[in-house]
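The values are calculated or read from the model by the stated rules, or taken from the named source; none is laboratory data. Computed from a prediction, not measured in an experiment: that's the story for all the values here. Glycine also receives a Cβ, built like all others from the backbone with ideal geometry; neighbour counts cover every protein chain displayed.
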Amino acid sequence: MQLSITSARAFIEESISKDGLTIEDVMLEYPAVLSFRYLWHQVKDQTGLQEFGHQVLKGAYIHHDSLFVESRISSPAMAIQVETLLALGVKKIVYIGIAGSISPELSIGDVVVSTGAINETGTGICYGYDLKTVIPPDQDFTRYIHGRLKSRGLEPRLAVHWATDAPYQETRDKVNEYRKMGAACVEMEGAGLFAVARRYVIPAAAVFVISDELKETGWIQGWGDPNFKDAMSNLTGAMIHLSRDL
């Protein structure tokens with residue numbers, strides 16, 4: 001794959017040069033936990049986190065030498081965010097987000113650790129992955145996160161997921177097709193995370209709380225479901241505890 005003419009590093013260097021800073025002045029050699037909006041509120045409500053002031057990275061928190069950052073929505077935005085974090089020196093990333101179940105074995109409030117994103121995103125294509133091919137995470141890091149979450153009392157499932165750019169175009173035919181391909185759930189950010197991380201050979205993993213269910217009879221939304229809220233709180237608490245070991 002050819003090198004890009006543009007880069008996050010070059011953008012950062014230009015942005016901070018007016019303040020007399022170099023890239024070395026803003027480097028962050030921390031692991032990072034990216035949190036989807038719903039879980040981000042849980043992160044900020046947890047005790048022990050300190051707001052982290054930085055010239056480039058805004059609104060982040062730090063705990064046990066790990067960064068906690070609110071993630072962007074969709075694979076294109078996730079890819080830009082991950083490119084920026086990697087340019088700043090971040091060495092590994094865990095993403096905690098939400099996903100819709102397309103499997104009868106997954107219900108609202110269940111937790112899934114992704115073993116790969118079946119690509120239905122333009123971002124995946126730009127990073128060299130064809131449509132309907134699997135973009136894998138770092139398997140060793142994924143197994144580590146899965147095992148550590150189990151040690152904290154969670155019951156995460158290991159499963160492939162479907163990554164889409166169009167959440168309001170999840171048709172019955174698509175659900176059946178991606179289910180047959182092995183996907184257990186669908187979400188929007190994993191392809192961007194995995195594609196960029198693999199491009200730079202950086203460990204990345206993704207964990208999802210099931211927020212809704214796509215069934216033949218329709219769409220079951222669980223945003224207010226106690227199981228969903230409890231799972232978000234439990235996952236966030238576990239990741240904050242595990243941040244010392246990332």
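Please determine whether any residue of the stretch 151-165 is over 17 Å from the mean Cα position of the chain (by Cα), touching a residue at least 12 places away in the same chain (Cβ under 8 Å) and over 26 Å from D245 (Cα atoms). No, the conditions are met nowhere in the stretch 151-165. Test of understanding: among T133, T171, T142, which residue is touching a Ser or Thr at 6+ places or on another chain (Cβ under 7 Å) and either under 22 Å from S74 (Cα atoms) or at pLDDT 95 or above (or both)? Sole residue among the options that is touching a Ser or Thr at 6+ places or on another chain (Cβ under 7 Å) and either under 22 Å from S74 (Cα atoms) or at pLDDT 95 or above (or both): T142.
For beta carbons closer than 9 Å, sequence separation of 6+ or different chains, a first residue in the stretch 42-61 that is in contact (Cβ under 8 Å) with a residue 24 or more places away in the chain and at positive phi and a second that is surrounded by fewer than 17 Cβ atoms within 10 Å (Cβ to Cβ) and not hydrophobic (A, V, I, L, M, F, W, C), the qualifying pairs are G48/H64.
Only strands (runs of 3 or more DSSP E) whose full extent lies in the stretch 182-235 are considered here, and the ones with at least 1 residues that are closer than 28 Å to D130 by Cα and under 11 Å from the mean Cα position of the chain (by Cα) are 183-187, 204-215.
Okay, residues lined up against (1) of a type in the set (G, A, S); (2) in contact (Cβ under 8 Å) with a residue 12 or more places away in the chain:
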{"position": "G20", "(1), (2)": "yes, no"}
{"position": "E24", "(1), (2)": "no, no"}
{"position": "M27", "(1), (2)": "no, yes"}
{"position": "H64", "(1), (2)": "no, yes"}
{"position": "Q81", "(1), (2)": "no, yes"}
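When the stretch 97-125 is limited to residues that are touching a residue at least 12 places away in the same chain (Cβ under 8 Å) and under 24 Å from S4 (Cβ atoms), the one that is surrounded by the fewest Cβ atoms within 10 Å (Cβ to Cβ) turns out to be G122. With respect to the stated conditions, V56 is buried (at least 16 other Cβ atoms within 10 Å of the Cβ), farther than 23 Å from I145 by Cβ and either at pLDDT 85 or above or over 21 Å from the mean Cα position of the chain (by Cα) (or both).
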